[in-house]
Amino acid sequence: MQVIFRRTGQRQYAVEVRRQYADDVVMKPAPGYDDHLPHDLIHLLVERHWRIQDGIFGQLAAGGDAHTFVPLDAQRDKRWAKRSAKRNAAAGHGVQRSESLAFVIHVRWHQRHDGHLVPPRLDDRIEIAGATARQIDDCLTEADGLARRWRQLGVGGELQFDWPWPERGRVRRAVA
């Protein structure tokens, strides 16, 4: 599975997911734009860093829509929605951990670089997510590299990533 983050406007981005075993999907516009680290880019980062194979991008790798993506080329009809809902239900058990870690990395990254205040009870979220201080520091180092790459993009520019784990699903039929 390939994940593409595309800057679509001055303060907008889209996430496109190319899959082998299910229809390609897109989220456009994607929520949580940030000049340095868009929200869903942080999700991809934390899911890869903490090896969360069953988070948001894991739902997509299982053929689901993560409740926010729509088909890129196919028709979004009742059949498509039902199939996606079934696949979402069978995957995504790590979404809550991904959300917690994405929040922590976002907050800590902006604290380091912009001096933002840390919200109360952030340590509780870190503990719930099962992350160590060392893991967070290592992830923040990765985030620095991603932020540099993202800031260099102009409108229309993109970052592409391969999902490191296999997709789950049936082989997609070739279109004639």
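Stick to the Cα atoms of the stretch 105-156, pair each with every other, and give me the Kirkwood hydrodynamic radius in Å at one decimal. Please list the in-between numbers first.
Working: mean 1/r = 0.0815 Å⁻¹.
Value: 12.3 Å, from the Cα pair sum.
For the stretch 134-170 and the stretch 15-68, what is the separation of their Cα centres, given in Å?
First find each Cα centre; the distance between them is then 11 Å.
Given the DSSP H assignment, sum -39500 (n - 2.57) over each helix run of at least 4 residues in the chain and divide by its residue total; what's the result at 222 nm in deg cm²/dmol, nearest 500?
Working: 6 runs with 77 residues, N = 176.
Per the formula, -14000 deg cm²/dmol.
Regarding the chain, what is the average projected area of its C-alpha convex hull, in nm²?
Numbers: hull surface 42.6 nm².
Seen from a random direction, the Cα hull of the chain projects 10.6 nm² on average.
Taken together, the values in this text are just the output of simple stated rules run on the coordinates, not laboratory data. Values in this document were obtained by computation on a predicted structure and should not be read as measured data.
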